[in-house]
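Below is one structure, written out as structure tokens, with a few remarks after it.
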Amino acid sequence: MARPEPGDYAPFYETYVSLVPKEDLMVEIHNSLTEIYETLEAIPVSKIDYAYAEGKWTIRQMLQHMIDTERVFSYRATAFARGEQQGLPGFDENAYAAAADVTIRNFQEMKEELLILRRSVHFMYKGFTLEALMAAGEANHNRVTVNALGYIIVGHVRHHFRILKERYL
């Protein structure tokens with residue numbers, strides 16, 4: 001399956017898609033497992049509740065956001081691969097973040113949760129046929145293909161890891 005074309009996803013997602021350089025999505029998803037593990041392990045426990053500016057998420061909040069988003073995008077990929085015809089709603093990342101009390105979360109468990117979710121994405125995409133990867137649906141009033149969602153999933157975490165390295169660590 002080739003890289004997604006701009007019409008396969010909303011322009012907003014170009015930031016994420018552009019962070020996935022390879023044509024082979026399965027290689028990128030597989031490699032992201034190591035990338036996620038190594039990046040999360042490099043975060044000092046003393047910094048998990050650090051935010052680089054007033055009103056910005058803490059590292060723990062950012063990780064919860066990545067977990068939530070992995071779930072939302074994975075559901076979208078599953079729904080469209082299975083032929084869902086109804087449009088799926090968007091989600092307000094800031095409302096989700098405000099509703100999630102991360103102070104009660106164990107950071108080590110959160111790291112493991114993101115890895116488990118990514119492993120699940122890996123197995124899910126391995127099980128998609130070419131027809132399923134080409135399937136498209138509507139999410140947040142925008143057309144998106146299952147293939148594009150795979151690139152978005154990988155690129156979303158890379159986007160936040162780039163911010164993590166530039167502004168938090």
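The values are calculated or read from the model by the stated rules, or taken from the named source; none is laboratory data. These figures come from a predicted structure and were not determined experimentally. So basically every Cβ, Gly included, is an ideal-geometry build from the backbone, and we count neighbours across all protein chains shown.
Points to keep in mind about this one:
- Filtered residues of the stretch 127-169 (kept if β-branched (V, I, T) and assigned to a helix (DSSP H, G or I)): V146, I152, I153, V154, V157, I163
- Matching residues in the stretch 45-93 - criterion: being polar (S, T, N, Q) and surrounded by 15 or more Cβ atoms within 10 Å (Cβ to Cβ): T58, Q61, Q64, T69, S74, T78
- Candidates E28, E38, E54, E70 - the one that is in a helix (DSSP H, G or I) and closer than 23 Å to A98 by Cβ: E70
- Looking only at residues in the stretch 20-44 that are farther than 30 Å from E138 by Cβ and aliphatic (A, V, I, L, M), the one that is surrounded by the most Cβ atoms within 10 Å (Cβ to Cβ) is L40.
- Odd one out for L33 among (1) over 16 Å from H159 (Cβ atoms); (2) free of Cβ contacts under 8 Å to residues at least 12 places away in the same chain: (2)
- Qualifying residue in the stretch 115-126 (condition: at pLDDT 95 or above and outside any helix (DSSP H, G or I)): no
- Per this entry, T103 is counted among residues that are modelled with pLDDT of 95 or more and surrounded by fewer than 19 Cβ atoms within 10 Å (Cβ to Cβ).
- Cβ-Cβ under 7 Å pairs, at least 6 apart or on other chains, the stretch 1-19 side surrounded by 12 or more Cβ atoms within 10 Å (Cβ to Cβ), far side assigned to a loop (DSSP other than H, G, I, E, B): R3/E23; V17/P4; V17/Y9
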